[in-house]
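Here the structure comes first, spelled out in structure tokens, and everything after it is commentary.
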Amino acid sequence: MNPWNTRFQNKNYVYGTEPNVFLAEMQRKLSLSGDALAIAEGEGRNAVFLAEQGMNVSAWDYAESGLLKMNKLADEKGVKVNTQLVDLNEAVWQQNKWDEIVCIFGHFPEELREKTLQGVKESVKLGGYFITEVYSHFQIPYNSGGPQNLELLYKPEEFLNVFSDWRIVHFFMGEVVRHEGELHNGLSHIIQFVGQK
């Protein structure tokens with residue numbers, strides 16, 4: 001059993017049930033519609049939010065317990081999310097499939113990060129968007145959430161290099177305050193990226 005599957009077996013939603021503040025802000029600003037994919041989506045707070053905005057949402061995670069809670073939250077909110085048990089190491093990225101791909105605090109080893117970002121780049125439709133907020137490599141001393149392993153944290157050039165030929169709608173690295181459930185709390189050092197293909 002993987003550690004995320006164990007973590008999400010708790011009855012409580014460990015990151016809460018409200019969407020990430022940055023994602024909600026960008027969704028309002030861009031008025032996105034169509035087909036969305038949320039990757040490493042955990043217990044579903046962001047996928048359910050996107051469905052509430054009228055998007056046709058699929059969500060990938062490799063913790064079955066998270067997907068079960070995601071379906072429960074979607075039912076409670078009266079929306080539908082297509083949940084899929086996906087290990088990103090084995091993900092199949094279809095070309096030009098999604099109007100929007102979202103990754104909120106999805107942290108992986110460097111090689112998998114590179115592979116995943118390349119997959120995202122292929123899978124977003126022309127004119128579509130990638131929206132992400134993740135912890136930066138400066139996060140560890142903040143003790144407000146995220147991995148305590150430097151290899152799992154992002155550097156800004158990872159986004160700027162992979163998406164160098166996309167239109168950058170928003171890019172920020174610095175401090176924000178986050179209160180998301182039990183595990184993301186307080187002043188944090190993050191990277192935000194929104195790119196349009």
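The values are calculated or read from the model by the stated rules, or taken from the named source; none is laboratory data. Worth saying up front: this structure is predicted, and the values here are computed from it rather than measured. Quick reminder, even Gly has a Cβ in these numbers, built from the backbone with ideal geometry, and neighbours come from all protein chains shown. What goes into the accessible areas is simple: the full protein's heavy atoms, side chains included, and nothing from ligands, DNA or RNA. Shrake-Rupley method; radii C 1.70, N 1.55, O 1.52, S 1.80 Å.
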Practice prompt. Just subtract the alpha-carbon distance of Val21 and Leu187 from 0.36 nm times their residue separation and send over the number in nm, one decimal.
Written response: 58.4 nm
Fill in: Charge tally in the Cβ shell below 13 Å around Gly186, where Lys, Arg are +1 and Asp, Glu are -1, Gly186 excluded
-2
Discussion item. Report the Cα centroid-to-centroid distance between region 144-176 and region 22-42 in angstrom, as an integer.
Written reply: 17
Discussion item. Taking R0 as 22 Å, what FRET efficiency do you get between Glu151 and Asp87 from their Cβ-Cβ distance, rounded to the nearest 0.05?
Written reply: 0.75
Discussion item. For a Förster distance of 25 Å, can you work out the FRET efficiency between the beta-carbons of Arg167 and Gln94, rounded to the nearest 0.05?
Written reply: 0.65
Fill in: region 117-197: C-alpha pair distances exceeding 18 Å, %
44
Practice prompt. Putting +1 on Lys and Arg Cβ atoms and -1 on Asp and Glu Cβ atoms, find which of Gln9, Tyr129, Gln192 reaches farthest to the positive end of the dipole of the chain.
Written response: Tyr129
Worksheet item: Round to a whole number: what % of the accessible area of the chain belongs to carbon and sulfur, probe 1.4 Å?
Response: 49
Discussion item. Of the listed values (i) 61, 35, 30; (ii) 43, 39, 32; (iii) 61, 47, 38, identify the label whose number matches Cα extents along the principal axes in Å calculated from this model.
Written reply: (ii)
Worksheet item: How large is the charge dipole for region 53-192, taken about the Cα centre, if only the Cβ atoms of Lys, Arg (+1) and Asp, Glu (-1) carry charge, to the nearest 20 debye?
Response: 380
Worksheet item: Over 26 Å between Cα atoms, which of Lys77/Lys125; Lys80/Lys155; Lys29/Lys197; Lys11/Lys121; Lys77/Lys155; Lys77/Lys121 qualify?
Response: Lys77/Lys125; Lys80/Lys155; Lys11/Lys121; Lys77/Lys155; Lys77/Lys121
Discussion item. List the residue ranges in the chain for DSSP H helices whose C-alpha atoms run 15 angstrom or more along the long axis and whose Kyte-Doolittle average is -1.0 or above.
Written reply: 64-77
Fill in: For the chain, calculated [θ]222 nm from helices alone, where every DSSP H run of n ≥ 4 adds -39500 (n - 2.57)
-8500 deg cm²/dmol
Item to complete: For the chain, report the accessible area per residue in Å² (1.4 Å probe, heavy atoms, rounded to an integer).
Response: 47
